[in-house]
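S.K.: First the structure, which I've put down as structure tokens, then a few questions once you've had a look.
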Amino acid sequence: MTGTVRPADRDEEPDGPEHVPQAVTQQGSRAVPVKGKAAEDGNRRHRPEVLVRPGAPPRPATAGAAATAGAAKEAGSGGPAGPAEPADPADAFDRDVLPAPPHAARSLLASLLRPRRGKVAVAALVLLLQQAAVQAGPLLVAFAIDRAVPALRAGDSGPLVAVGAAYLGCALASGRLQFAFVVAAARINQRVLMELRGRIYRHAQALDVDFHDRYTSGRLISRSTTDVEALRELLDEGLQELMAIVLSVFYILGMLLWLDVGLGTAAVASFVPLALLVHDFRRRSVRVYRSKSTAMASVIVKFAETVNGIRPVQSFRRERANDESFARLNGVHERANGDALLEMARYVVLSRFTANAALAAMVLWGAHRVASGELGLGVLAASALYLRRLYDPIDRLGMFLNSWQSAAASLEKIAGLLAQRPAVPEPAAPRELPARAGGKGREVVFDRVDFGYRTGGEVLPAFGLTLSAGQTVAVVGATGAGKSTLVKLLARFYDPTGGRVLLDGVDLRDVEPGALRSNVVMVTQEAFLFSGTVAENIAIGRPDATREEIEAAAKALGAHDFIDSLPDGYDTDVRKRGGRISAGQRQLVAFARALLADPAVLILDEATSSLDVPGERAVQQAMLTVLRGRTAVVVAHRLSTVLVADRVLVMEEGRIVEDGPPAQLIAGKGRFAGLHEAWRESLVRGVQ
Ligand SMILES: Nc1ncnc2c1ncn2[C@@H]1O[C@H](COP(=O)(O)OP(=O)(O)OP(=O)(O)O)[C@@H](O)[C@H]1O
């Protein structure tokens, strides 16, 4: 059997919401029940029969397991304060940038702007006109000096008045057009950002559980906040700036060439060293901005990890260690930021020096030509003004490149995320499930199924299993035996590596996702409640349920009284007053949700946490109600649950080693019989 189970330390694994403290650990191969919380309460006869095998020896970790463990630690599920540094750089998930097609950042931006190209063209036209109004200024100055002033001296004030009026007109037009452009650009930008956030959200929801286990929620948050923010900066400031710079440079060079070919040509030539500077800055800043963005994401990941795991952080006193690793990550971010600023400063100083040197040389040359009567004074004045305006945007070009690098690094990461394909794809040609026989559930068949996680070896070696419709099946076994993996295949959180899982004869891969989710429901241990009211939480599986139906479900499970006693009854907001809802009550709400959804197959990952005795009994009773009338698979941690099952599967190292009705297995001499014996002994000890 060795080699069939991935030898990884389970505690290090990212297991999302299902990952909870283990109630079943291993001591040799024998199960020994130990005292639950209820026993400490002194109510021994009724204490919950939680099966615990103390002292599980940690299994050796393989290289693959270590890589996963690193990712898990980043996910915040690998322990209260695992370091956020990547464990194995060979795994793309340990780096912040997932592989994406070449030029993914540019294509992503283009795909966001393409549907709005008409609006973008209008905005560009408005900017073109605005620049024409702005750049007319120096030309008017030249006209004033060379024509209007001599005309005034000759007693004709008309040209000067015309110049003044034209200047005012240009200023007004430029202001008006600027306003129109800002409004148009803001509308486009907001739409683009909304679309991008929506894409990230929809994609994150569509990606499989395995992806989420490995990618971590902190990174997803970073993608949809700081990375989207980087794009906002690029769109709001950078792109407008770039368009303004490009247009103004073309206008100005055109004007300079028109005013004086010599000065115009010199101005064009001065762009050679400036272009080299820009090129060098771009090359250097790509690297700097990528590390800056990765450093920022690490800070967010660490933060999210600590906040998500605040309970273990505090109970294991990880604050100091966390502070240290956070300070380290914060330091890396600070240095990356500093590097980016230094690159910018270097660029600004060099580009200003080059621009000022070029300006000084040209003015000197121009003055020399004015003195020799070759050039009009007004033309030199206008050229000097244009030259200033020409070099001014060079700094702003640096700013644009800054925001472009930052946005490109972010877009690359977002593109990498969006390039991920769900490992459990939707069927191309969905198949209908046959009509469900009333009050029975559906038949489940594991047809020559085998399975291994992407990050490890085989976890479930090939097996076949048929669960008849309406059967309640308890799955038991030591921690890491593969119980959760088995049921996750049934819920289609993963697809089997080989073989098929059939629901009433239809491969789960072919079942339409909506039908699959309404037919197969999994209730996990921690009974997650979404923000909203208790009633909304119960109705999640059937949003069209009436209040009567919601209450009927709650009543059937014995949850009505406690819900009714909440401050706003069924309308109590579970987040605002979440503290009032105990673990057992959350379980009852989760059961009511399942009962109302009325799935054909119910998977239950039984809670291992010790509830108080009345809570324990209420949950146990509610569980029996919710299991009725459907096929049910319970990952069981209590023998009382196992005993009410029609059938028990005992798993060991990924294999089903015993299968039969509980009474039959108890009568035999197998593992389950041993387990049962140990449980009985503990009960007797508990009563004494
Ligand atoms: N997301 C994952 N990626 C890689 N390996 C995993 C993953 N989840 C579980 N495993 C491995 O698969 C094996 C079976 O795990 P599984 O969670 O199915 O066990 P289990 O019997 O449900 O244990 P427990 O009772 O502790 O929940 C273990 O060796 C575990 O390390």
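The values are calculated or read from the model by the stated rules, or taken from the named source; none is laboratory data. If you're wondering where the values come from, they're calculated on a predicted model, not measured in any experiment. Cβ: placed from backbone, ideal geometry, glycine included. Neighbour counts: every protein chain shown. Side chains are part of the model used for accessible areas, which takes the heavy atoms of the whole protein and leaves out ligands, DNA and RNA. Shrake-Rupley method; radii C 1.70, N 1.55, O 1.52, S 1.80 Å.
S.K.: Set the Förster radius R0 to 30 Å, insert the Cβ-Cβ distance between Ala367 and Ala165 as r into 1/(1 + (r/R0)^6), and round the FRET efficiency to 0.05.
M.R.: Using R0 = 30 Å, I get an efficiency of 0.45.
S.K.: Sticking with this one: Can you tell me the length gained on complete extension of the stretch Glu319 to Val261, counting 0.36 nm per residue apart and subtracting the Cα distance? Walk me through the numbers on the way to the answer.
M.R.: On the way: separation 58, 0.36 × 58 = 20.88 nm, distance 6.94 nm.
Contour length minus the Cα-Cα distance gives 13.9 nm.
S.K.: Further question on the same structure: Would you kindly state how much longer the chain becomes between Val246 and Asp571 on full extension, computed as 0.36 nm times their sequence separation minus their alpha carbon distance, in nm to one decimal?
M.R.: Full extension from Val246 to Asp571 adds 111.2 nm.
S.K.: Let me ask another. For the residue pair Ala435 and Asn356, what label-to-label distance in nm results when each label sits 7 Å from Cα along the Cα-to-beta-carbon direction?
M.R.: Here the modelled spin labels are 8.8 nm apart.
S.K.: How much length, in nm to one decimal, is gained on full extension between Ala275 and Ala327, taken as 0.36 nm per residue of separation minus their Cα-Cα distance?
M.R.: Extra length available between Ala275 and Ala327 comes to 14.8 nm.
S.K.: A further question follows. How many angstrom lie between the Cα centre of region 639-685 and the Cα centre of region 271-292?
M.R.: Between the Cα centre of region 639-685 and that of region 271-292, the gap is 68 Å.
S.K.: Hey, another quick one. How large, in percent, is the carbon and sulfur part of the accessible surface of region 96-232 at a probe radius of 1.4 Å?
M.R.: Numbers: 4680 of 7020 Å².
The computed percentage sits at 67.
S.K.: Another question about this same structure. Where Rh denotes the Kirkwood radius from the mean inverse Cα pair distance, what is Rg over Rh for region 240-314?
M.R.: 1.42
S.K.: Between Ala186 and Ala132, what is the FRET efficiency for a Förster distance of 35 Å, r being their Cβ-Cβ separation, to the nearest 0.05?
M.R.: On the way: r = 22 Å, r/R0 = 0.63.
Step by step, r from the Cβ atoms, then E = 0.95.
S.K.: Counting only the heavy atoms of the protein chains, how much of Ile540 is accessible to a 1.4 Å probe, in Å² to the nearest 10?
M.R.: Only protein atoms counted, so the area is about 80 Å².
S.K.: Between region 219-259 and region 174-201, how far is it from one alpha carbon centroid to the other, in angstrom?
M.R.: 13 Å
S.K.: I've got another one for you. Taking a 1.4 Å probe, which of Trp258, Trp365, Trp404 shows the most accessible area, and what order do the others take after it?
M.R.: Details: Trp258 180, Trp365 110, Trp404 45 Å².
Of Trp258, Trp365, Trp404, the descending order of accessible area is Trp258, Trp365, Trp404.
S.K.: State in Å² the accessible area per residue of region 309-422; use a 1.4 Å probe, count heavy atoms of protein chains only, and round to the nearest integer.
M.R.: Numbers: 5860 Å² over 114 residues.
For region 309-422, the per-residue accessible area is 51 Å².
S.K.: Defining a contact as two alpha carbons under 8 Å apart and six or more residues distant in sequence, what relative contact order in percent does region 104-418 show? Write out the running numbers ahead of the final one.
M.R.: Details: 294 pairs, mean separation 100.2, N = 315.
Normalised by residue count, the contact order of region 104-418 is 32 percent.
S.K.: Considering all projection directions equally, how large on average is the shadow of the alpha-carbon convex hull of region 101-235, in square nanometres?
M.R.: Over all viewing directions, region 101-235 projects a mean Cα-hull area of 11.2 nm².
S.K.: Given 4 °C and 1.567 mPa s, how large is the Stokes-Einstein diffusion coefficient of region 124-190 in µm²/s, with Rh as the Kirkwood radius over Cα pairs?
M.R.: Estimated via Stokes-Einstein, D reaches 98 µm²/s.
S.K.: Run the 1.4 Å probe and let me know the accessible area of Tyr167, rounded to the nearest 10 Å².
M.R.: Surface accessible to solvent at Tyr167 totals approximately 100 Å².
S.K.: log₁₀ I(q)/I(0) of region 104-418 at q = 0.08, 0.11, 0.16 Å⁻¹, via Debye over equal Cα point scatterers, no solvent, to two decimals?
M.R.: Log-scaled intensity ratios, in q order: -0.52, -0.83, -1.30.
S.K.: Kindly sort Phe181, Phe250, Phe303 by accessible area of their heavy atoms, largest first, with the probe set to 1.4 Å.
M.R.: Largest accessible area first, the list is Phe250, Phe303, Phe181.
S.K.: State the percentage of accessible surface on region 239-377 attributable to carbon and sulfur atoms; use a 1.4 Å probe and exclude ligands, DNA and RNA.
M.R.: Whole-percent figure for carbon plus sulfur exposure: 66.
S.K.: Could you put His212, His279 in order of accessible surface area, largest first, with the 1.4 Å probe and the full protein assembly present?
M.R.: His279, His212
S.K.: With r as the distance between the Cβ atoms of Arg153 and Thr497 and R0 = 56 Å, compute the FRET efficiency 1/(1 + (r/R0)^6) and round to 0.05.
M.R.: It comes out at approximately 0.05.
S.K.: Let me ask another. For region 363-427 and region 556-606, compute the distance between their C-alpha centroids and round to whole Å.
M.R.: What the calculation gives is 59 Å, centre to centre.
S.K.: Could I ask something else about it? Would you work out if region 496-599 is rounded, prolate or oblate? Take a ≥ b ≥ c from the square roots of the eigenvalues of the alpha-carbon gyration tensor; rounded if a/c is under 1.5, else prolate when a/b is larger than b/c, oblate otherwise.
M.R.: Taking the square roots of the gyration eigenvalues as a ≥ b ≥ c, region 496-599 is prolate.
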